[in-house]
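Trainee: Input: one structure, supplied below.
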Amino acid sequence: MTLTHPLLYDGPLPETMNNPFDYMPHPVCEAAVRDILPRVQELMRNSPEGKMFGVLVVGKRVENKMDTNAYARRRPLYYLAAFSGQLDGRYQQPGFVPPVFDFLDPKGYFKRKETEITAINHEISRLQADKDYLLSIRNLQRCIGDADHEIEKAKANMQEAKQKRDFVRAKGMISSEMEAAFVRESQFLKAELKRVKRSWAERLAEAQAAVDEYTIQLETLGNQRKMKSEALQQWLFGHFEMVNYRGEKRDLLQIFQDTVQQRPPAGTGDCCEPKLLQYAYTHGLEPVQMAMFWWGPSPDGEIRRHLHYYPACSGKCKPVLSYMLPPEVIAEFPGCAFSGQLEIVYEDADLWVVDKPSGMLSVPGKSPRESVISILKARCTDGDEPLVVHRLDMDTSGLLLVAKNKSAQRQLHKQFVNREIRKTYVAVLDGDPLSVGDEGRIELPLAPDLMHRPFQKVDKKQGRPSVTLYRVVGEHVVELYPLTGRTHQLRVHCAHADGLNRSIKGDNLYGRRADRLYLHASRIEFMHPGTGERMVFSR
């Protein structure tokens, strides 16, 4: 089966390649996806798990770099298809581009070294299940318990004898012979305690030595496994040689050496985007447009919807794609445009209440874009200074509190910490309609998805508690009352299957992009930091 699929598409074409980290799928990509879907459905028919697939629309390479409208006239069109990682235990499937580096040759270096690591794993498992090892552990645990019991018993005897001696002494009727007997008794019981401790120390050392025989072997094997695994991972990354748009080559170790991670995460190079670009560059094809989509059920903790499009991951793919693609393609996406102007809802000597438009930053960022703080700073007089109390995501609109002095900032921040400030959000949701009047509570522990920033994921082990109350006020409209303030809390609570299972309209991270994110901070209640008066604002 050919890997370069002809694409029947007669619509307009973009002039430049899209940014794989922030995009809406172009119609030419949607046409390619429709064409490959029957093959995807066939491959995923019996799969209980979901999978990320991707398409890259390509044309023949254009040598005339002065032709700025080259994409618009490039015909015929083709597309390449890929999947992330393995599918049905294989890195290659008919009709899909191969991996950048195929390391699964049964007789190759990787499989030989993997066999050695597997043998170590089997030996570790054998030792951990050894009857003598398990018996030695139980014997040590029993000795520890018996030792503690005997020592505590000896201490109790000493204490009881001392209390009796003190009672007799307190009466004042004690002879010199009796006092001497008391001293001898005390000395004997102290010596007896030392003897008991010494006896059990010897037995515990013997029991511990029996366990150590095995633990030393297990630690040695574990260290061998770690060294072999790390060496094999380094070898693997060194053989993932990536080609960029200029025809230059670098392996993954070189690409990551100047990043914060300094070394590639496991699985780097196996995502759709690098595989598609690698094949295009090495076969004389010019990338036109790409898109990635999810097929099947969502993985645990993450939010992936069937046939929804998703950006490339940042942890594994951003350094690689930043090397492979022209810099203008990966340029930082500026975000959505302002939908309105910053409005001052309330102002006094201590604070502002503002209505922030969608697309405006709460605080200054790396770019020169305007923010709530920078705008208020330009308005300040008489020593006032805008100080952050809380924030709204750039794409979220609505009411925001800003302090004018440090005293007000401290008071308002304390109210946030003590959950004394009540906030209400209104969200418009995608998906099936809800029952008006329904209400409930969503509790999902959230943690950063380190390989896919700025995404958050549900993590029952490492996640921090997050709680949102909700009330359905329209078939696609909900009021949200966050009791905690985790990053992307409302977005995840709406989109996750254990939440409302409906993403917020326009959520480009957990749902589908629209003209804006339809999430608005509509109401805020707090105690005035100066007067103590209860303040309520709605918008």
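Trainee: Assuming R0 = 51 Å, can you tell me the calculated FRET efficiency for the pair Arg391 and Lys111, based on Cβ-Cβ distance, to the nearest 0.05? Write down the numbers at each step before the final one.
Mentor: Details: r = 50 Å, r/R0 = 0.99.
According to the calculation, E is roughly 0.50.
Trainee: Go through [x] 33.5, 119; [y] 28.8, 104; [z] 24.8, 81 and flag the label whose value is the computed Rg and Dmax of the Cα atoms in Å for this structure.
Mentor: Matching entry in [x] 33.5, 119; [y] 28.8, 104; [z] 24.8, 81: [x].
Trainee: If you place +1 on the Cβ of every Lys and Arg and -1 on the Cβ of every Asp and Glu, how big does the dipole about the Cα centre of the chain come out, in debye to the nearest 20?
Mentor: Result for the chain is approximately 900 debye, rounded to the nearest 20.
Trainee: While we're on this one: Would you please give the residues with an amide H less than 5 Å from that of Lys505, counting only those at least 5 places away or on a separate chain, with H modeled from the backbone geometry?
Mentor: Close amide H contacts, sequence-distant or interchain: Val428, Leu429, Asp430, Tyr518.
Trainee: Follow-up. Tell me the net charge near Ile174. Cut-off is 15 Å between Cβ atoms, Ile174 excluded, with +1 for each Lys or Arg and -1 for each Asp or Glu. Write down the numbers at each step before the final one.
Mentor: Values: positive: Lys162, Lys164, Arg165, Arg169, Lys171, Arg184; negative: Asp166, Glu177, Glu179, Glu185.
Local net charge: +2.
Trainee: A follow-up question, please. Against the globular-protein guess of 2.2 N^0.38 Å, express the Cα radius of gyration of the range 125-235 as a ratio, rounded to two decimals. If you can, show how the numbers build up before the last one.
Mentor: Numbers: Rg = 24.8 Å, N = 111, 2.2 N^0.38 = 13.2 Å.
Working it through for the range 125-235, the quotient is 1.88.
Trainee: Of Leu218, Leu276, Gln456, which is farthest along the charge dipole of the chain in the positive direction, counting Lys and Arg as +1 and Asp and Glu as -1 at C-beta?
Mentor: My answer, from the dipole projection, is Leu218.
Trainee: Quick one: dipole size for the range 103-219, taken about the Cα centre, charges +1 on Lys/Arg Cβ and -1 on Asp/Glu Cβ, in debye to the nearest 20.
Mentor: Numbers: 22 positive and 21 negative charges, 89 e Å.
Computed about the Cα centre, the dipole is about 420 debye.
Trainee: Something else about it: Which value, in debye to the nearest 20, describes the size of the charge dipole of the range 343-538 about its Cα centre when Lys and Arg Cβ atoms bear +1, Asp and Glu Cβ atoms bear -1, and nothing else is charged? Mind showing how you got there, number by number?
Mentor: Working: 29 positive and 26 negative charges, 149 e Å.
Roughly 720 debye, rounded to the nearest 20.
Trainee: What are the ³J(HN,Hα) values, in whole Hz, obtained from phi via the Karplus relation 6.51 cos²θ - 1.76 cosθ + 1.60 with θ = phi - 60°, for each residue of the range 292-305 in sequence order, with x given for Gly and Pro?
Mentor: Karplus values, whole Hz, x for Gly and Pro: 10, 9, 9, 10, x, x, 6, x, 4, x, 9, 10, 9, 10.
Trainee: Along the charge dipole of the chain, Cβ charges K/R +1 and D/E -1, which of Leu140, Pro445, Ile36 sits furthest on the positive end?
Mentor: Sorting the options by dipole projection puts first Leu140.
Trainee: Exactly which trypsin sites (Lys or Arg not before Pro) in the range 180-277 are in a DSSP loop and have at most 12 other Cβ atoms within 10 Å?
Mentor: On the way: sites: Arg184, Lys190, Lys194, Arg195, Lys197, Arg198, Arg203, Arg225, Lys226, Lys228, Arg246, Lys249, Arg250, Lys275; in loops: Arg246.
Hits after loop and neighbour filter: Arg246.
Trainee: When the distances between all Cα atoms of the range 343-538 are binned every 10 Å from zero, what whole-number percent does each bin get?
Mentor: 9, 34, 36, 19, 3, 0
Trainee: What is the spin-label model distance, in nm, from Gln41 to Leu135 if the labels are put 7 Å beyond Cα along the C-beta direction?
Mentor: 6.2
Trainee: Could you sort the peptides 128-140, 472-484 by per-residue average Cβ neighbour count (10 Å cutoff), highest mean leading?
Mentor: Descending packing order for the listed peptides: 472-484, 128-140.
Trainee: Another question about this same structure. Equivalent ellipsoid semi-axes for the range 184-245, as square roots of 5 times the alpha carbon gyration tensor eigenvalues: give them largest first, rounded to whole Å.
Mentor: Details: eigenvalues 667, 31, 3 Å².
Listed largest to smallest, the semi-axes of the range 184-245 are 58, 12, 4 Å.
Trainee: Beyond a 18 Å Cα-Cα separation, which of these cross-linked pairs lie in this structure: Lys226/Lys249; Lys228/Lys461; Lys51/Lys275; Lys377/Lys404? List each step's numbers first, then the result.
Mentor: Numbers: Lys226/Lys249 29 Å; Lys228/Lys461 29 Å; Lys51/Lys275 15 Å; Lys377/Lys404 10 Å.
In this structure, Lys226/Lys249; Lys228/Lys461 lie more than 18 Å apart at Cα.
Trainee: Dipole of the chain (Lys/Arg Cβ +1, Asp/Glu Cβ -1, origin at the Cα centre): which of Gly359, Ser435, Ala156 lies farthest to the positive side?
Mentor: Ala156
Trainee: What is the sum of charges, Lys and Arg at +1 and Asp and Glu at -1, for the other residues whose Cβ falls under 15 Å from the Cβ of Lys404?
Mentor: On the way: positive: Lys377, Arg379, Lys406, Arg410; negative: Glu347, Asp348, Asp350, Asp382, Asp384, Glu385.
So the environment of Lys404 carries a net charge of -2.
All of the numbers you see were taken from the coordinates with simple rules; none came from a lab. Because the structure is predicted, anything quoted here is derived from the model rather than measured. No Cβ is skipped: glycine too gets one built from the backbone with ideal geometry, and neighbour counts run over all protein chains shown.
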